[in-house]
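The values are calculated or read from the model by the stated rules, or taken from the named source; none is laboratory data. These figures come from a predicted structure and were not determined experimentally. As a convention, Cβ positions derive from the backbone with ideal geometry for all residues, glycine included, and neighbour counts pool all protein chains shown.
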Amino acid sequence: MSKGSRIPGFYKLGLDERRQQVAEHSDLTVDELDIALRSGGIDPQVADKVVENVLGVYSLPFGVALNFTINGTDRLVPMVVEEPSVIAAASNAARMIRSAGGFSAELLDDLMTTQIQLFDVPDNELAVSALTEAFPELLELGRQAVPNLVKRGGGPRRAEVRDLGEGCVVVHMHVHCLDAMGANLVNTIAEAIGPRTAELAKGTLGLRILTNLCDQRRVRVRARIQAGDLSRERPKTDDASSWAPVGDDGNAIIDAISQASRFAELDTYRAATHNKGIMNGVDSVVMATGNDYRAVEAGAHAYAARSGQYSPLATWKREGHDLVGELEMPLAVGVVGGTLRVHPSARLALRIAKIDSAAELAMTAACAGLASNLAAIRALATEGIQRGHMSLHARSVAIAAGATGNDVERVAAAIAATGSVSLEAAKRSLSEK
């Protein structure tokens with residue numbers, strides 16, 4: 001019987017004990033975890049068949065964020081990331097949000113978009129009219145190109161045409177790809193209908209490829225945090241029992257976070273960093289589950305700039321005595337095909353989170369993004385970002401200095417306490433053993 005996403009004291013456990021706990025919470029065996037995570041989950045022989053010119057395998061840490069409740073369901077959230085504090089920060093923020101009922105998430109639409117470029121069009125207005133009238137025919141051609149997808153309930157859903165001027169017209173085909181990310185599916189459709197669109201437009205057929213600005217495949221997440229949860233000290237770990245009151249009251253912190261969020265709305269330079277914090281969470285989940293984080297990044301940032309000014313993907317505002325955050329972004333991910341076929345760690349990640357559909361994965365990744373954003377903006381608006389970040393970064397510095405075993409935590413604690421998180425300080429501390 002699986003348990004919830006709260007595992008008090010998880011950070012204190014050794015690797016073997018953590019795997020045991022996650023196995024119990026995820027209806028897995030420890031052996032399944034060990035096999036899937038061994039040496040990064042994929043060996044060089046398999047890697048050699050995945051990409052070109054392979055020399056070996058490059059591994060990154062695979063962890064889980066705790067405390068997530070999404071639409072009433074507890075989930076351990078798998079994350080692959082090299083940056084210290086990301087997983088702990090997301091866990092801490094999820095704990096605050098959990099106290100008020102957790103995240104609410106929804107898909108606003110679930111369609112992947114492919115483009116067919118037509119240029120040297122002699123009359124754009126006539127081309128747009130002809131293409132629009134032919135939408136039923138084009139949709140049928142698209143369905144014929146992906147019969148297996150249609151048989152499972154997916155396929156082309158609607159089309160549109162855009163006049164770009166200068167003799168250029170583009171046709172968009174919006175496709176329901178079910179639980180696949182869908183790049184190959186929509187590109188197959190674009191190739192199939194391309195020649196007919198060129199005939200109708202009397203132009204030259206150009207590019208036929210998906211757009212990563214998949215604004216017809218968006219997710220929206222909301223979270224509410226009560227003032228009392230914001231006014232507790234952010235712990236050094238994910239263990240909420242170590243929180244303690246701080247001098248700032250929760251209402252003051254709500255105002256500080258709201259002002260910081262507004263700063264991102266007004267200033268592009270701040271919005272870029274604000275969104276980077278969101279993508280810390282989103283990308284980590286996308287990578288853990290074997291999806292294309294570059295595609296997700298491209299779509300997110302293009303969507304952030306859709307008004308002509310680059311803007312935050314998430315905002316935070318006061319509602320009465322609570323802080324309410326909302327994130328909306330395009331998020332195209334899949335739970336079948338692609339890397340999942342060959343990467344056991346990616347398949348394991350879905351099992352840990354108990355994710356069965358692309359929709360669940362998109363919502364989970366977005367919730368991790370909003371949690372990461374809350375953690376960062378709360379720290380910035382109160383104590384500053386460096387205190388917690390550098391204390392966790394100290395462990396990496398200690399290892400770089402040559403510390404092993406129990407010395408890692410000893411040296412990390414020593415240099416963090418002095419505020420000198422440097423390789424030289426770590427070496428001095430190590431020599432003082």
Original post:
If you check residue 324 against the conditions, is it of a type outside the set (S, T, N, Q) and part of a helix (DSSP H, G or I)?
Top reply: no
Original post:
Within the range 261-309, restricting attention to residues that are within 11 Å of the chain's Cα centre (by Cα) and outside any helix (DSSP H, G or I), which residue is surrounded by the fewest Cβ atoms within 10 Å (Cβ to Cβ)?
Top reply: 292
Original post:
Can residue 289 be described as of a type in the set (S, T, N, Q) and in contact with a helix residue (DSSP H, G or I) (Cβ under 6 Å, 6 or more places away or on another chain)?
Top reply: yes
Original post:
In the range 239-287, what residues are in contact with a Pro (Cβ under 9 Å, 6 or more places away or on another chain), modelled with pLDDT under 95 and among the acidic types (Asp, Glu)?
Top reply: 239
Original post:
Mind checking which residues of the range 195-227 are in the same structural domain as residue 164 (by TED's automatic domain parsing), surrounded by fewer than 19 Cβ atoms within 10 Å (Cβ to Cβ) and assigned to a helix (DSSP H, G or I)?
Top reply: 195, 196, 199
Original post:
Of (1) within 20 Å of residue 289 (Cα to Cα); (2) outside the structural domain of residue 329 (by TED's automatic domain parsing), residue 3 satisfies all except one. Which?
Top reply: (1)
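Take the conditions under 18 Å from the mean Cα position of the chain (by Cα) and closer than 21 Å to residue 209 by Cβ and apply them to residue 326. Does it pass? Talk me through it step by step, then tell me what you get.
Details: under 18 Å from the mean Cα position of the chain (by Cα): yes; closer than 21 Å to residue 209 by Cβ: no.
No.
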**OP:** Tell me which residues, restricted to the range 144-162, are more than 16 Å from residue 113 (Cβ to Cβ) and in contact (Cβ under 8 Å) with a residue 12 or more places away in the chain.
**Re:** 144, 152, 153
Original post:
So residue 148 fits all but one of (1) surrounded by fewer than 19 Cβ atoms within 10 Å (Cβ to Cβ); (2) on the phi > 0 side of the Ramachandran plot; what number is the exception?
Top reply: (2)
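Within the range 321-363, which residues are under 30 Å from residue 250 (Cα atoms) and surrounded by fewer than 21 Cβ atoms within 10 Å (Cβ to Cβ)? Walk me through how you get there before you give the answer.
First, the residues of the range 321-363 that are under 30 Å from residue 250 (Cα atoms): 321-329, 363.
321, 322, 324, 326, 328, listed by residue number.
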